[in-house]
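Have a look at the structure below, then the notes.
The values are calculated or read from the model by the stated rules, or taken from the named source; none is laboratory data. None of these values were measured; they are calculated from a predicted model. Note that each Cβ is placed from the backbone with ideal geometry, even for glycine, and that neighbours are counted across all protein chains shown.
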Amino acid sequence: MKGESEEHLFGPGNQIMLILYDEAAYLKDDIDGVRILFTGARDKGKVYDEMKRLVDYHEQKDENRKSFTTGNDV
């Protein structure tokens, strides 16, 4: 996309990038390889909910990995 944009990084290791344009938003999750383009004012407003969902999902996933114990560790 062309035009002015703002980039914001979120999530573990700053691997979730939100790029805001005048009429669109692009959400890029490098952890799972997810790319979402939100176009128009109505859909652009949904990007913050989706970004929060992705950040929460990855934080919970990391917490669950830390609490996992293998049979060798017991």
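A few comments on the model shown:
- Scan of region 43-62 for residues that are of a type in the set (D, E, K, R), over 15 Å from Ser5 (Cα atoms) and in a helix (DSSP H, G or I), ordered by number: Asp43, Asp49, Glu50, Lys52, Arg53, Asp56, Glu59, Lys61, Asp62
A quick yes/no check of all residues on (1) of a type in the set (Asp, Glu); (2) out of contact with any strand residue (DSSP E or B) (no Cβ under 8 Å at 6 or more places or on another chain); (3) surrounded by 15 or more Cβ atoms within 10 Å (Cβ to Cβ):
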position: Gly3; (1), (2), (3): no, yes, no
position: Gly13; (1), (2), (3): no, yes, no
position: Leu20; (1), (2), (3): no, no, yes
position: Asp30; (1), (2), (3): yes, no, no
position: Ile36; (1), (2), (3): no, no, yes
position: Arg42; (1), (2), (3): no, yes, no
position: Tyr48; (1), (2), (3): no, yes, no
position: Val55; (1), (2), (3): no, no, yes
position: Lys61; (1), (2), (3): no, yes, no
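- Of the residues making up region 13-31, none is in a helix (DSSP H, G or I), touching an Asp or Glu at 6+ places or on another chain (Cβ under 6 Å) and touching a residue at least 24 places away in the same chain (Cβ under 8 Å).
- Residue in region 4-12 that is at pLDDT 90 or above, within 9 Å of the chain's Cα centre (by Cα) and part of a helix (DSSP H, G or I) present: no
- Residues satisfying the stated conditions in region 32-42, i.e. outside any strand (DSSP E or B) and touching a helix residue (DSSP H, G or I) at 6+ places or on another chain (Cβ under 9 Å): Asp32
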